[in-house]
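Every number here is computed from the coordinates shown, using simple stated rules; none is lab data. These numbers were taken from a predicted model, which means no experiment stands behind them. Glycine also receives a Cβ, built like all others from the backbone with ideal geometry; neighbour counts cover every protein chain displayed.
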Amino acid sequence: MEDFTSIISDCIAGSRKAQAKLYHQFAPKMFGVCLRYAKDATEAEDNLQDGFVKVFTNLKSFRQEGSFEGWIRRIMINVSLEKLRKQHLMYPVEDVSVYDTINFSDDVIAKISADDLVKLIQELPPRYRLVFNLYVIEGMSHQEIAKEMSITQGTSKSNLARAREIMKRKVQENFGEINAQNNYTA
């Protein structure tokens, strides 16, 4: 991985050229991060821009410990979460229902592209989308998610279960049959 010490120093000093270089280096990957938390590409672009404003504003606080890319990713996630909080789309759901599981055949799984998967994730209700992304994509624990989103661990688990259930139904509707051994009813 490239050493970003000099480019960070140049950005802090106000170099537009260094800022552009940093932006172009990380924007495509961070757009993907923002897209997972946004309802569409336009919202993801807004989050990306707001995120980079925070990156440039807070570069002085980067301690050169750990991954610089990870530091930027965390800012993008926080910007996305904050936007959802401001839109009041993060409402608590305390439903701990037991969900049936659906098993998909390998043929169905093979039909799903990464773009299709991102679109399905974007269709999830905001709270479920957040928990799904934080748990499945970012690898956070339910305890960490509960703290980050100011919810209980039970709510995090419930929201994840509901997100998975919705994703399973959407995969079934859009991409094909489920294994015949399941007797799932909606």
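Using 0.36 nm per residue of separation minus the Cα-Cα distance, give me the extension gain between Asp10 and Gln143 in nm, one decimal.
44.1 nm
How large is the Kirkwood hydrodynamic radius of the range 5-86, counting all unique pairs of alpha carbons, in Å?
12.8 Å
Assigning unit charges at the beta carbon (Lys, Arg +1; Asp, Glu -1) and nothing else, what dipole magnitude in debye, to the nearest 20, does the range 5-86 show about its Cα centre?
140 debye
If you take the charge dipole of the range 106-175 about its Cα centre, with +1 on Lys and Arg Cβ and -1 on Asp and Glu Cβ, which of His142, Asn174, Thr155 is farthest toward its positive end?
Towards the positive end, the residue furthest out is Thr155.
Could you grab the Rg to Rh ratio for the range 106-175? Cα atoms only, Kirkwood for Rh.
Expressed as Rg/Rh, it is 1.02.
Give the order of Glu173, Glu82, Glu65, Glu165 when sorted by the count of other beta carbons within 10 angstrom, beginning with the fewest.
With the sparsest Cβ surroundings first, the list reads Glu65, Glu173, Glu82, Glu165.
Kindly put Ile72, Ile166 in sequence by how many other C-beta atoms sit within 10 Å of each C-beta, fewest to most.
Ile166, Ile72
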